[in-house]
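Beneath this line is the structure, given in structure tokens, with notes to follow.
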Amino acid sequence: MKTLISQDPLSTAQAFADFLAQKVSENDMVHIALSGGSTPKILFELLADEYDEDIDWEKLHFWWGDERCVPPTDNDSNYKMTKELLFDAISIKDAQIHRVLGENEPQDEAKRYGEEILKHLPTVNGFPQFDIIMLGMGGDGHTASIFPHEMSLLEDKAICGVAKHPESGQKRVTLNGPVINNAKNICFLVTGEGKTEKVNEIFHQKEDYLSYPAAHFNGQNVVWYLDDSAARML
């Protein structure tokens, strides 16, 4: 597990954008699973504005690590945010965008999406292997849509599962733990003072840090992209 600390959310996004551009230049094809949230929003705007000519978009296939079970026109949709901020601003084919059909019945969609992933990605160690999986971390330590009250998803051998938000009850389709851990590169993008204590507990293995799903992704293929605020207690 490594850290890359930048000054603020924008420079954190820029550090990851540079990494993505490098990976695209080094490979014939890159399968990346995206996340939602405030830092990815900054990232998508940055990619559209400053990296449009630096990245060969034809090499990229876009997936999602998790998605809310809402239509693609809903403001809660991670796909909608990505489309408006990134896809609408670059030249990319529909065949390169693999969205979770949040309007479908959740369990059926988790199965369908897992099958689509299997069709396109290589199988390594018995699981499909993404080149890059982007992750965030919530204030409760959740990542993707694996929440502390559903830790079984960390071990679930199905490619995708259905999670339920602990407060709203909203259902979400999420990649399960074994598939996330199998990625070539797992990249956490975590910024802001609201994440400082959880980052500190996870990195210093304090208190009941293992109750946070994000703490269970700690291999050599994991990099945490942090800003100064989130990393303040490291």
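The values are calculated or read from the model by the stated rules, or taken from the named source; none is laboratory data. Quick caveat, the model's predicted, so the values are computed rather than measured. Note: ideal-geometry Cβ built from the backbone for every residue, glycine included; neighbour counts use all protein chains shown. The accessibility values were calculated without ligands, DNA or RNA, using every heavy atom of the protein model including side chains. Shrake-Rupley method; radii C 1.70, N 1.55, O 1.52, S 1.80 Å.
Here are the numbers for the structure shown:
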| item | result |
| --- | --- |
| Residue in region 125-132 that is open to solvent by 50 Å² or more (accessible area, probe 1.4 Å), farther than 19 Å from A13 by Cα and assigned to a loop (DSSP other than H, G, I, E, B) present | yes |
| Test result for E150, part of a helix (DSSP H, G or I), open to solvent by 50 Å² or more (accessible area, probe 1.4 Å) and either touching a residue at least 60 places away in the same chain (Cβ under 8 Å) or out of contact with any Leu (no Cβ under 8 Å at 6 or more places or on another chain) (or both) | no |
| Sole residue being in contact (Cβ under 8 Å) with a residue 40 or more places away in the chain and touching a Phe, Trp or Tyr at 6+ places or on another chain (Cβ under 7 Å), chosen from I132, I32 | I32 |
| Every pair of residues 6+ apart whose Cβ atoms lie under 9 Å, when the first sits in region 169-182 and is under 24 Å from N221 (Cβ atoms) while the second is aromatic (F, W, Y) and open to solvent by 20 Å² or more (accessible area, probe 1.4 Å) | P178/F127; V179/F127; N181/F127; N182/F127 |
| Check on E115, assigned to a loop (DSSP other than H, G, I, E, B), surrounded by fewer than 16 Cβ atoms within 10 Å (Cβ to Cβ) and of a type in the set (D, E, K, R) | no |
| Flag if D54 is in contact with a helix residue (DSSP H, G or I) (Cβ under 6 Å, 6 or more places away or on another chain) and open to solvent by 70 Å² or more (accessible area, probe 1.4 Å) | yes |
| Pairs, first more than 16 Å from P72 (Cβ to Cβ) and touching a residue at least 40 places away in the same chain (Cβ under 8 Å) in region 91-117, second part of a loop (DSSP other than H, G, I, E, B) and open to solvent by 40 Å² or more (accessible area, probe 1.4 Å), C-beta under 9 Å, six or more apart | A110/A158; K111/A158; G114/A158 |
